[in-house]
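One structure is given below, encoded as structure tokens.
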Amino acid sequence: MNGLGSLLENLYRQFILRDLLAKIMPGFIVIGSTASLLSFSIRRLVRFTTTLNFWQWLLLFAFAWVIGFFVQHAGILAGILSDKTHQLERQNPGAIKEWFRSKVKISRGSNEEFRKVLERAIVIKETCGNTSMALLYTAGLFTVHFWWKLFASWRFFYICRDVMIIVPSAALVWVLLDAHHYHSRREEYLRQAFEDLLPTEAGKHEQD
């Protein structure tokens, strides 16, 4: 029972809170708004979701996670969402090392209550930011859709619809590749900060 309780708590804290609220929900907003526009019917979209089996839903959740991550990084690149590492890389690269040293100290030295409070703040920040970006995308998408229906011919609309598939796909590739390199650098910053703290902590233990 203790093992099951730990598993559920881990899923709740790490998957449901961070990924479901901050990544998957905004991803579903983007996917749903785009799909409803391309299918011209929200009712048809809802009917389609009822035909999905477990594995198809799992793949859809995974794709929504990727789209949610895309939304977050696009917001960071555009300067709409805040990210400390990205800001330091652009404004004060020399402070990045100390920033990651503080992250390592918090993760290794703080108590459980503090980590829960910090995690909650991060989840709220990411959820609000990513959801706002997803809704901004949806509002822009349907604004364009409204003006197309008002002034354009249906043939022109179908051409533009194809463009709306190609351009976001290209943007998705570019942003995710940038995110890949960005998080590779974050991984290196974190590894270096961890290694830098090891001699300091070893010396401290010897003095004790």
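The values are calculated or read from the model by the stated rules, or taken from the named source; none is laboratory data. All figures in this text were calculated on a predicted structure; none of them were measured in a lab. Ideal geometry is used to build each Cβ from the backbone, glycine not excepted, and the neighbour counts take in all protein chains shown.
Considering the range 42-83 alone, what residues qualify as being touching a Pro at 6+ places or on another chain (Cβ under 7 Å) and among the β-branched types (Val, Ile, Thr)? The answer is Val71, and nothing else. Condition test on Leu135, is it surrounded by 13 or more Cβ atoms within 10 Å (Cβ to Cβ), modelled with pLDDT under 85 and under 20 Å from the mean Cα position of the chain (by Cα)? Taking the combined requirement at face value, the residue does not satisfy it. So which residues in the range 71-107 are more than 18 Å from Lys125 (Cβ to Cβ) and either free of Cβ contacts under 8 Å to residues at least 40 places away in the same chain or hydrophobic (A, V, I, L, M, F, W, C) (or both)? Correct list: Arg90, Gln91, Asn92, Pro93, Gly94, Ala95, Ile96, Glu98, Phe100, Val104.
Within the range 26-78, being part of a helix (DSSP H, G or I) and hydroxyl-bearing (Ser, Thr, Tyr) holds for Ser33, Thr34, Ser36, Ser39, Thr49.
Return the residue satisfying two criteria in turn: it lies in the range 92-130 and is among the polar types (S, T, N, Q) and within 24 Å of Glu195 (Cα to Cα), and of such residues it is surrounded by the fewest Cβ atoms within 10 Å (Cβ to Cβ). Let's see the steps before the verdict.
Keep residues of the range 92-130 that are among the polar types (S, T, N, Q), which gives 92, 102, 107, 110-111, 127, 130.
Subsequent filtering for residues that are within 24 Å of Glu195 (Cα to Cα) retains 92, 102, 107, 110-111.
Numbers: Asn92: 10, Ser102: 11, Ser107: 12, Ser110: 13, Asn111: 7.
The residue in question is Asn111.
Does Leu81 satisfy the criteria of being part of a loop (DSSP other than H, G, I, E, B), at pLDDT 85 or above and within 22 Å of the chain's Cα centre (by Cα)? Spell out how you get there, then give the answer.
Details: part of a loop (DSSP other than H, G, I, E, B): yes; at pLDDT 85 or above: yes; within 22 Å of the chain's Cα centre (by Cα): yes.
Yes.
Residue count for the range 36-70, restricted to those that are without any contact (Cβ under 8 Å) to a residue 12 or more places away in the chain and under 17 Å from Leu141 (Cα atoms): 5.
Screening the range 142-194 for residues that are at pLDDT 75 or above and among the small types (Gly, Ala, Ser) and picking the one that is nearest to Ile76 (Cα to Cα) gives Ala179.
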